[in-house]
Amino acid sequence: MNDLTKASEFAAKAALATPPSVVRRVRGLSDTAIAWAFISPTIVLLLAINIFPLIWTIYLSFTNYRANRPNAEVKSVGIDWYQKILTDPDTWAAMQVTAHFVIWTIVIQTVLGFGLAWLIDKKFRGHGLWTTIILLPMMLSPAVVGNFWTFLYQPQIGLFNYVVSFFTGIDPSSFQMLGDVQFSPWAIIIVDCWMWTPYVMLICLAGLRSIPDYIYEAAEVDRASKWRQFWSITLPMAMPFIMLAVLFRGIENFKMFDMVNLLTGGGPGSTTEVASITLKREAFEKWRTGYSSAFAIILFVTVFGLANIYVKALNRVKQR
């Protein structure tokens, strides 16, 4: 009570110390104007953090600027970088690797995530404990996950090869998940699915929990089978949430860098060199800042365009 009294006294003194002209101006403001006055500094800060780097990157993409030569003369190259990138076979190879990674991770994570959500929604005995266990990989940092799975994939001492050998009878030292051209892309896909399937599960679970119980009760009254209820009620009503999970994971996996860099570094050769790894090499190994800026803008436009098309499809599904 004493603290409340002191606060009231402080507010009264502040009000008395406020000039009358300021008081009249504040009283004349609407609620909307006051709200804008409070959030404007935050908006300005966000614009400075997000918009300025984008504009600066666009500018650099039309120049020959190199970050390791900051004092060199900066010349305009027009759209030369964009033309070179779009006609470079290595660029399209990296985009193909990225597409392979994105498509397979989305398919596997969506199927497994929705399946786990559907099972947990049944609220079987101990479902809370299993939900917590399933969510554990998502709570780890990519650096920890990358180092952990690098150890598991070791052909001599790693547990993964011995598990495969137990089920298939193959010699555990006869193959390398990270060093083999055929297996290395799937090694990354396995790790990403292990880590982020719980995220998809949470979104799908929210969709399943949003379906009213009376709809299932009405279906049971009409003697609809469980399979019919799943295809006619569960899946259609959960579809917007499933599509939302696909959108989020698609955007994140398209720009995937840390996990690939930790596990394979883009190797062996260029087998797992996704677009982000190519961008990193151009920017920080070859120091072609203008070229890498143009590449970054192309990736941004690609993700932004595909996401907008997908959001329109998502809105159509939600309106049904």
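The values are calculated or read from the model by the stated rules, or taken from the named source; none is laboratory data. In this text the structure is predicted, and so the values were computed from the model without any measurement. Quick reminder, even Gly has a Cβ in these numbers, built from the backbone with ideal geometry, and neighbours come from all protein chains shown.
Just a few scattered comments:
- Residue within region 219-229 that is touching a residue at least 12 places away in the same chain (Cβ under 8 Å) and either of a type in the set (A, V, I, L, M) or surrounded by 22 or more Cβ atoms within 10 Å (Cβ to Cβ) (or both) present: yes
- Residues that are touching a residue at least 24 places away in the same chain (Cβ under 8 Å) and assigned to a loop (DSSP other than H, G, I, E, B) were ranked within region 156-184; the one that is nearest to MET256 (Cα to Cα) is LEU178.
- Among residues of region 245-298 being of a type in the set (Asp, Glu) and under 13 Å from the mean Cα position of the chain (by Cα), the one that is modelled with the highest pLDDT is GLU252.
- Just one of the listed residues (MET243, MET201, MET259) is crowded, with 16+ Cβ neighbours inside 10 Å, of a type outside the set (Asp, Glu) and in contact with an Asp or Glu (Cβ under 7 Å, 6 or more places away or on another chain), namely MET259.
- Matching residues in region 223-244 - criterion: being touching a Ser or Thr at 6+ places or on another chain (Cβ under 9 Å) and modelled with pLDDT of 90 or more: MET237, ALA238, PHE241, ILE242
- When ALA143, ALA187 are checked against the criterion of being in contact with a helix residue (DSSP H, G or I) (Cβ under 8 Å, 6 or more places away or on another chain), assigned to a helix (DSSP H, G or I) and more than 24 Å from GLY269 (Cβ to Cβ), ALA143 stands alone in meeting it.
- Residues of region 232-275 satisfying the condition of being without any contact (Cβ under 8 Å) to a residue 24 or more places away in the chain and either hydroxyl-bearing (Ser, Thr, Tyr) or in contact with a Cys (Cβ under 8 Å, 6 or more places away or on another chain) (or both): SER232
- Qualifying residue in region 43-63 (condition: part of a loop (DSSP other than H, G, I, E, B), modelled with pLDDT of 85 or more and closer than 30 Å to GLY290 by Cβ): yes
- Hits in region 107-166 - residues which are over 17 Å from LEU178 (Cα atoms), surrounded by 16 or more Cβ atoms within 10 Å (Cβ to Cβ) and aromatic (Phe, Trp, Tyr): PHE114, TRP118
- Filter result for ASN315 (surrounded by fewer than 21 Cβ atoms within 10 Å (Cβ to Cβ), modelled with pLDDT under 95 and touching a Lys or Arg at 6+ places or on another chain (Cβ under 9 Å)): no
- Residue match in region 82-90 (condition: farther than 19 Å from MET201 by Cα, surrounded by 17 or more Cβ atoms within 10 Å (Cβ to Cβ) and modelled with pLDDT of 90 or more): yes
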